Amino acid sequence: MQYPTRHAEFISATHRTGIQYLTKPLYLAMLFKQPCVYIMSNQYRTTFYIGVTSDIRTRVWQHLNNEGSAFVKKYRLFDLVYYEGFERITDAIDREKQLKNWHHDWKVNLIQSVNPTMKDLKSEINDAD
């Protein structure tokens, strides 16, 4: 599993007509550099961590390398089981606060509504390019 450590290779290009456009890597970087709420879990799916970020790939990488939350490290919450994108960071923060007040069963139901087997989704966000 590889997560980006730098974004220098993401560039824009110019069409022969002079119109600038985004190369595929830059487009994908922007796609994943959007505000989102995410849920990390342990291998038994008994404990959840809810967070908000503007770069899901980098944030998951940080958690896996113990650069993220101490809670994630302590309880070994290294599986990404849910993420939800937003246009504005304020909306993502509001959603994070809402989810943090939910009961455990409600969170499980939310995750299973889009990820029925509660599988780890890190490969999904990593294989997009």
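The numbers here are math on the coordinates, done by the rules we state, and not lab data. Quick caveat, the model's predicted, so the values are computed rather than measured.
Quick check: from the Cα gyration tensor, does region 34-126 come out rounded (a/c under 1.5), prolate or oblate? Rounded, since a/c falls under 1.5. Tell me which lysines have Cα within less than 18 Å of Lys97's Cα, excluding those fewer than 8 residues away on the same chain? Once the sequence-local lysines are set aside, what remains near Lys97 is Lys107.
In order along region 51-63, the Karplus-derived 3J(HN,Hα) couplings, from 6.51 cos²θ - 1.76 cosθ + 1.60 at θ = phi - 60°, round to x, 10, 8, 10, 8, 4, 4, 5, 5, 5, 4, 4, 4 Hz, and Gly and Pro are given as x. The lysines whose alpha-carbon is closer than 18 Å to the alpha-carbon of Lys74, local same-chain residues fewer than 8 away aside, do not include any residue. For Gln112 and Lys100, the difference between the fully extended length at 0.36 nm per residue and the C-alpha to C-alpha distance is 2.6 nm.
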